[in-house]
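The values are calculated or read from the model by the stated rules, or taken from the named source; none is laboratory data. None of these values were measured; they are calculated from a predicted model. Note that we place each Cβ from the backbone using ideal geometry, even for glycine, and neighbour counts take in every protein chain shown. We work out accessible area using only protein heavy atoms, side chains counted, and drop any ligands, DNA or RNA first. Shrake-Rupley method; radii C 1.70, N 1.55, O 1.52, S 1.80 Å.
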Amino acid sequence: MADVVVVGGGFAGIAAAVRIAKLRHRVILLEESDRLGGQLLPYETGRWSFDHGWSELTLPATVRDLFKKSGRPLDRVLDLEPLPVARRHVLARDLVVDLPAGSRGAQIDALDAVLGEGAGASWTRWVDAFDEMWEVLRRQALEQRLLGRSSFTREQWRTLSPRTMLARAVRRGLRDPSLQSMVLDRHVLDGQQPRSLPMFFGVFDLVERSFGRWRIDGGTSALLAALERRLEERRVDVRLSTRAHDVVGSHPVTGVVTDEGVVSADVVVWAAPGPPGGRSESSALPRVPAARTYLGLGPHAPVLAQQTMLHGGTPVRISPSATHTGDGQAWTVEHAGAEDPLVSMRRLGIDVEDHVLHREDVSAVDLVRRGARYGWQWSGWRTAPSVPGVGQLRPGYLRIGVNAHPGPSTEMVALGAAAAAETLRP
């Protein structure tokens, strides 16, 4: 039995803490604020509640595994709702594709009906091409610790085609500009440059088609409540309003420096967004998110049942909040251009200006200043080995979370927490 200190009370830290405690280790969880949750906490203003995009999942098995490996199964504490439409793509005012989830045939039919015969087959060829890439990434980089280039055989490395960038692959593989936008715009809004993003990021479309998209009933608020109960069940020592500054020791790490003194540990799991001691963790640049406009809409506004992407210019992503329970709707609108997003929306047939009861605009700079972290910008495949959490284990120290491998999404953070727990399995 080891004494494990987990730093950071967001999703990554909580997920790691409950899994490690289930392995009969003594776990202390340190959180600098007076509430657990991090990005699981919705942004609340007045009667409006906006989640941060963590309420929809593409790999629900990662969250199911989290609950199974820490106590009672997920279906006893939380409901996941399958979404029949993975995402709505608005390509022009009268050109809308509701792309189904989980079915190759349904995607072909939906695309042919809107873009013409052959569009579905073209899309299917593109998505199918990532089958082998996904298997390599799943086995070698997600389900076990990534050491870097040495984690892959020569054949696996060739399969990943790491020197081919996504923008170039899209131009070669998809002739229809609408299909190109459906692949690339999501990454632009995620703060990436497709010309610097490795081709293997195209697996996103394959994973969505294969596993569908799922919504957490009650949103991240319900997920956080279930995880807080799990912390109590696993008897994790949660210490709020405790700021961790740095780690003690190097080989091995033996504790954490806090405002109240040193907390000794056999193992430190650093899940906070920022690095210990404020030291640089990566040669990559921090990822800058898209600007956001929070909209509180009246009861007669058009209803969006799922995430909606607007193409045909500056991309816009609209995410209805799963945490909002009052009248009307709460939308988080992400946009990367200078145009007012409501103007972009109106031009493509989503006119809500007369329904807006609350509006708040937050620039990308302001989002960063608020302290949230969003991972790293990719600049070719060499970014991968520079990301925290990749490489040989440092004795007594594990790094997970949104700023560590394998990435900042709900599913990737859950996989990182699982890898940390497996490292401590007796």
Could you work out the local net charge near Pro289, counting Lys and Arg as +1, Asp and Glu as -1, over the other residues with Cβ closer than 9 Å to its Cβ? 0
Show that you can apply the helix-only estimate: for the chain, add -39,500 (n - 2.57) for every DSSP H stretch of four or more residues, divide by all residues, and state [θ] at 222 nm to the nearest 500. -9000 deg cm²/dmol
One would report the Cα pair-distance distribution of the stretch 1-148, bin width 10 Å, in %, as 9, 23, 30, 23, 12, 3, 0
Which helices count as membrane-span-like in the chain under these terms: full DSSP H, at least 15 Å along the axis by C-alpha, Kyte-Doolittle mean of 0.0 or more? 11-22, 104-115, 177-189, 410-423
Summing +1 per Lys or Arg and -1 per Asp or Glu among the other residues with Cβ less than 12 Å from His335's Cβ gives -3
Quick check: convex hull of the Cα atoms in the stretch 10-85, volume per residue, rounded to a whole Å³? 121
Where is the GNM fluctuation largest for the chain (alpha-carbon springs, 10 angstrom cutoff): Gly102, Gly277, Gly53? Gly277
Looking only at Val356, Val18, Val413, which one moves most when the chain is put into a Gaussian network model with springs between Cα atoms under 10 Å? Val356
Sort the following peptides by mean Cβ neighbour count (other Cβ atoms within 10 Å, averaged over residues), highest first: 148-154, 107-113. 107-113, 148-154
Given a cut-off of under 8 Å on Cα pairs at least six residues apart, what relative contact order in percent is computed for the stretch 212-344? 19
What percentage of the solvent-accessible surface of the chain, computed with a 1.4 Å probe over protein heavy atoms, is contributed by carbon and sulfur atoms? 48
If you take the Cα Rg of the stretch 175-300 and divide it by 2.2 N^0.38 Å, with N the number of residues, what do you get? 1.52
Stokes-Einstein at 20 °C, 1.002 mPa s, Kirkwood radius from Cα pairs: D for the stretch 104-165 in µm² s⁻¹? 159
Rounded to two decimals, what is Rg over Rh for the stretch 237-295 when you use alpha-carbon atoms and the Kirkwood radius? 1.11
The chain - percent relative contact order, Cα under 8 Å, separation 6 or more: 26
If we count every other residue with Cβ under 13 angstrom of Thr254's Cβ, Lys/Arg +1 and Asp/Glu -1, where does the sum land? -2
With a cut-off of at most 13 other beta carbons within 10 Å, and DSSP calling the residue loop, which GluC sites (Glu not before Pro) in the stretch 230-265 qualify? Please list them. Glu260
Counting only heavy atoms of protein chains, what accessible area per residue, in Å², does the chain have with a probe of 1.4 Å? 44
Normalising by the residue count of the stretch 4-113, find the relative contact order in percent from Cα pairs under 8 Å and 6+ residues apart. 16
Taking a label point 7 Å from the Cα of Trp157 along the Cα→Cβ vector, which residues of the stretch 189-214 have an amide N closer than 20 Å to it? 197-201
